[in-house]
Structure formats: structure tokens, C-alpha cells
Amino acid sequence: MKINKIKGTFDFYGKEVEKYRYIEKVAGDLAQKFGFEEMITPMFEATEVFVRTAGDSSDIVNKEMYTFKDRGDKSLTLRPEATAGISRSFVENKLYVEPGLKKYYYFAQAFRCERPQAGRFRQFTQFGVEALGKESPYLDADIIYFGYSVLNKLGIKNVKLKINTLGSKEGRNLYSNRLREYFKDNISCMCDDCKKRLETNPLRILDCKIDSDNPVLINAPKIQDSLSEADNERFNKVLSILKELGVNYEVDSNLVRGLDYYNHTVFEFIYNEPNSSIYNLAILAGGRYNGLSKEFDGPDTDAIGFGAGVERLMVILEELNLYQEKKTKVDVVIVNVGENSKLTALKMAGFLRNNGVRCELDYESNSLKPQFKLCERKNTPLIIIIGDEEIEQGIFKLKNTETRTEEIKKIEELNDLFKIEGEKYAYQK
RNA sequence: GCGAAUAUGGUGAAGUGGUUAACACGGUGGAUUGUGGCUCCAUUAUGCUAGGGUUCGACUCCCUAUAUUCGCCCCA
């Protein structure tokens, strides 16, 4: 019976795994330099964790979550994003008792039951950071600068940073009511989704793609006019710091993001290469979420973070040829001929492998041809050839694949050849 | 949730309403049984996603299902 993978999932092997680990290394190392510590939280949580944070009007909660009952009839959900879990953990483990800013980074599988297409999967990986405990605009700018740096480090240049402010919760609510008031009389010419949004979350009307050219939408009140002077000043401060840091941005007053927990700074790095299969998609996005921890009965904590789509970054690395597959997967292949040499070859391979040498050998064949084929497939730089005669004389033949030359070595030279310290390897009679 | 395209071997694929389903790569065996990469020869789909229909006859036309891919919505 042939069974295929679940729709929207993928198997990584070969170069894909290398690329994934490469991003993990580059982003993780840089995160540590920026002062983030790694955090690992569960892939699933009580459903409430996401409903309370993302908001019950959000698309993620409404139609994209993998929610199921466990055997105790408790409602669980595979995480659709990582921030909620970290926020929950922050409160549950009382990480706020230590003074100062808490900074975490994560690589987290996330799950959303959406229609898969280019750069969109049902199981995907988010790399992200969260900084909890400070509200400074310098922190906002530094988080964005970190995201910018990760993309840069990976060689990804062609991105557009869109940024906006949603203001404090009070400002956001005021604006929300103002929009509701404004759209109330004009909603008949908007799309069905927008009609629903008028009730649930009027801010979402602003980033509706269907009605983006609708004059009603274009003439809608701007958030800046509803925010307090302090809120606007704060935002301008963030912008001016970004400018000083050399990060180009584009203020988009319709950028509101799909999760309800955001306030103040929100931002998205959009991939801006028109020929790419993921053109115009967000590759790294986030914002400030002050007070989210109160949803878990924690202290009112200021926080900001972002998530980046690792698979989307992988697409870019591939399209721009920014990652070269490792050519040589082994350091040496042991070719063996003769009845008694197979076990000797296996022992020698074990010795080399245990001493840090990537070593391969053929387990089945006694003839040369398939073994040399193996050498080619593995693209090995060196070949050790042994047979009964060599073992008897305590020597081995060492072949250089590039020059195709061969020399005879004493078995005692094996350690020096591969720079192995400690006991010398010798054939056992 | 809505819309579109595609479905042929191990892989990439060409192809026609009618006996042998092109070509390439890969695999295997051999020329070459202690030395590979080149070359040459042989061999490699009783079958064209599944089910139904039209037809004397369907891999080809029609319908349905399934899968994959892409787009919309939304998002990383």
C-alpha cells in the first residue's frame, strides 16, 4: 500500500537538510551574538493559549488551526505560531522575577491548515526572537535590525521593510471605533469578508486585498490621526533610529497584521524579487505585543518579537544560489579485495571513523568495479586499497582520486596521514 | 472556502482514436574477473493515476474521483 505524506508537508533530505541546518547555524549564532538564548517550547498547547492571544477574530484561530481532543477530552492545538507558547512559558516559569530584559530565540515547527502553494506549507518552521520586559523604542529598532542582519548574513538583499504603528491599546481601540463609524455607512460596496470584519476587527479591513483600490478604503481615516502624541512620537523615534542604523523602510499605514495581540510597532520584511516564486510574501515579520502576558495572568509585560519562515528563506537561498551543496561527503573510501579483507576493512573504517575521519566502504562486493563506483558516487578525495597481500605485509595502497596516483604506505603511517593522536593502528593477525 | 493547470517507466520526458509506446539519463550484465571516470554491445513500461461513459476499438475524447502544482483569501 502506497502512502504519501500529508498535504502541505515535506521531506527534507540531501541538500535541503544542509540548507536548513545552514540557516539554523547562521541565524542561531547571530541570535546569540545579539544576546538571545534559545528556548524550546511544546509543539502543542491547550487551545486556549492561541485563542486568547491571536484573537478569536483572527483567520489563524478561525480556520487554520489543527485542533483536536486528547483522550481526556481536553482541547489541544498544534501551535500555529511560537509567540503565544513563549509568552505562556514566560509567565508559567516566572521568568519575569529576574530583573531586566529577557531575550529568547527559537526554531519552531508550526502548523496551519491552509491551502498549500509556493512558500506556504501546513507544517513549516519559524525562526524567531522574543524580547520581554522593556518598552524602549531602541529595543524595537534593535529587533528589526537583528532581523535585517540575519537576512543580510544569509545574503538576502532584495527585501522591503514595511512598518507601521498600531499605537497603544487605548489608541488602537479609539482608532478601531473610528473606523467602525467610518465604514458603517459605506460597507455595502466592500467585500463579504470586510463586512464581517466591521464587527469583529475593523483594522483588518485596511489590509484587504480585494478592496485595496476602493476609494472608501483609500479615504479611510489614518491611524496616525487617532493616536496620542506620545504614541506617534514613539513611532517616529523608532523610525529615526532605524534610519541611523542604515535600515531602509517604508511606512505603510494599512499594515495591521493578522494577529490581534499587536500594538505599537508592527513590521514585515517582504521579498522584493519579482521573478521569485515567493515574490511579495513576508519572509520575516513581527511586532510589539505589550501586555500579552496578562492573558496568562502574568504581570503586564512589554514585549516585542518576530518570526521568519525558514522554508521561505530556503527558497531564496536556492533561487539565488546562495548555498553550495557540500561536495565531498567522505574523506576516504576503503576498497578491499580478497576473502579475508572485508572484516579488516571494517575494523580500519571503525578506527578512522571513531577518530574523526569520514570513512565509507562497500559491505557486499569483493570485486573492484562496484567499489570504485562507490568512490565516484561519494566523491572521495582519497582511496585506501587493501587486500590479503597488503594485510600480510602490513601495508596499504593510498590512491589520490584527483591525480589518480597511487603510493604504498606502511600501516603505521595511517595515524599521521589522518592526523590521529593516540594509539597507532595496526592490522591484527 | 473559491478558481486554474497537470497526471505516461527508477528519473526527465515525447507521442498517436487502431498491431512493436520515441529519445535521454540512471540501473544491470558483458567487452575489461587487483584498479573506476571514456567508448561500445545487450538489457531495462503485458503498460500510460483510479473508476465509469462514448466507440467496432480509448493511453488518446467525455464525466467523476484522487493526487500534485499554481493562484485568490490569509499568512512565515
Q) Using +1 on the beta carbon of Lys and Arg, -1 on that of Asp and Glu, and nothing else charged, what's the dipole of chain A about the Cα centre, debye to 20? A) 680
Q: Using +1 at the Cβ of each Lys and Arg and -1 at the Cβ of each Asp and Glu in segment A:259-312, identify which of A:ALA303, A:TYR261, A:SER276 lies farthest towards the dipole's positive end.
A: A:SER276
Q: Quick one: check the C-alpha center-to-center distance for segment A:99-157 versus segment A:185-261, whole angstrom.
A: 21
(Q) I want to verify a result. In a Gaussian network model of chain A, Cα cutoff 10 Å, which of these has the top mean-square fluctuation: A:LYS243, A:LYS157, A:LYS409? (A) A:LYS409
Q.
Can you classify segment A:332-417 as rounded, prolate or oblate using the Cα gyration tensor, where a ≥ b ≥ c are the square roots of its eigenvalues, rounded means a/c under 1.5, and otherwise it's prolate if a/b beats b/c and oblate if not?
A. rounded
(Q) Quick check: net charge around A:PHE124, other residues with Cβ under 9 Å of its Cβ, Lys/Arg +1 and Asp/Glu -1? (A) +3
Q | Charge dipole (debye, nearest 20) of segment A:10-95; +1 at Cβ of Lys and Arg, -1 at Cβ of Asp and Glu | A | 100
Q. Which Cα, out of A:ASN379, A:LEU352, A:SER365, lies furthest along the positive dipole direction of segment A:332-417 (beta carbon charges, K/R +1, D/E -1)?
A. A:ASN379
Q | Proximal charge balance of A:GLU24 [Cβ under 13 Å; K/R count +1, D/E count -1] | A | -1
Q. Mind checking the dipole of segment A:332-417: about its Cα centre, +1 per Lys or Arg Cβ, -1 per Asp or Glu Cβ, Debye to the nearest 20?
A. 380
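None of the figures in this text is laboratory data; all of them are computed from the coordinates on show. Everything numeric in this text was worked out from a predicted model, so none of it was measured. Reconstructed Cβ throughout: ideal geometry from the backbone, glycine too, with neighbour counts over all protein chains shown.
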